[in-house]
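Here is the structure we will look at, set down as structure tokens.
The values are calculated or read from the model by the stated rules, or taken from the named source; none is laboratory data. As the structure is a computational prediction, the values presented were derived from the model and not from experiment. Neighbour counts are summed over all protein chains in view; Cβ atoms, including those assigned to glycine, are modelled from backbone coordinates with ideal geometry. In case anyone asks, the SASA skips ligands and DNA or RNA and just uses the protein heavy atoms, side chains included. Shrake-Rupley method; radii C 1.70, N 1.55, O 1.52, S 1.80 Å.
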Amino acid sequence: MTEHVPPLDRLVARVLQTPWLTRLPIPLYRAGLGWIFGERLVMIEHLGRVSHQPRYVVVEVVERERNAIRVASGLGKRAQWYRNLRANGVAYVSTGRARRVPSSVRMLDPDESRQVLERYAQRHPQAWKHLSAAMDYAARGEASIPVVEFGPPD
């Protein structure tokens, strides 16, 4: 039996899986215009696992504290940026206010990730309704959506 996924959730999942769409904000961040996206998005510069060349991704911030930014991997553990960070832990973060800040990388365990996503769901219930269904669909049934925390360099 095939599970029913609402059309909007399928659309969001397709956007998450469409590289040229997800890359649209990158040139704006690189030009110092990341501020137009506000506090909800962040650009992460990471190094390719094999090439060791700089790679970029713009993702939604699911939680922000004074010295920590947490983001979820909407494609689960198979997302290229997630795999690159796991392999080498090198990251620079650009927010609307700051450009290319060196950051430490911490992969949250499944329980911590779940807690972060639960807090996000409480703060943004409408966004969570569609985003969670889309992430579940895009992550192809992974047990949990991983969350990565960026903080001051060690």
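The set of residues from the stretch 104-121 being open to solvent by less than 20 Å² (accessible area, probe 1.4 Å) and either at positive phi or of a type in the set (S, T, Y) (or both) comprises S113, Y120.
The residue of the stretch 65-85 that is most open to solvent (accessible area, probe 1.4 Å), among those that are at pLDDT below 95 and charged (D, E, K, R), is R66. Selection of the stretch 37-75 for residues being polar (S, T, N, Q) and in contact (Cβ under 8 Å) with a residue 24 or more places away in the chain yields N67, S73. Candidates in the stretch 122-151 are the residues that are open to solvent by less than 70 Å² (accessible area, probe 1.4 Å) and modelled with pLDDT of 90 or more; of these, the one that is farthest from the chain's Cα centre (by Cα) is G151. Between V62, V50, V57, V71, the distinction of being β-branched (V, I, T) and touching a Ser or Thr at 6+ places or on another chain (Cβ under 8 Å) belongs to V57 only. What number of residues within the stretch 86-100 are open to solvent by 60 Å² or more (accessible area, probe 1.4 Å) and closer than 18 Å to P25 by Cβ? Number satisfying all stated conditions: 4.
Report, by residue number, each residue of the stretch 25-63 that is surrounded by fewer than 15 Cβ atoms within 10 Å (Cβ to Cβ), out of contact with any helix residue (DSSP H, G or I) (no Cβ under 7 Å at 6 or more places or on another chain) and either assigned to a strand (DSSP E or B) or β-branched (V, I, T) (or both). If the condition is that a residue be surrounded by fewer than 15 Cβ atoms within 10 Å (Cβ to Cβ), out of contact with any helix residue (DSSP H, G or I) (no Cβ under 7 Å at 6 or more places or on another chain) and either assigned to a strand (DSSP E or B) or β-branched (V, I, T) (or both), then V50, P54 are the ones that fit.
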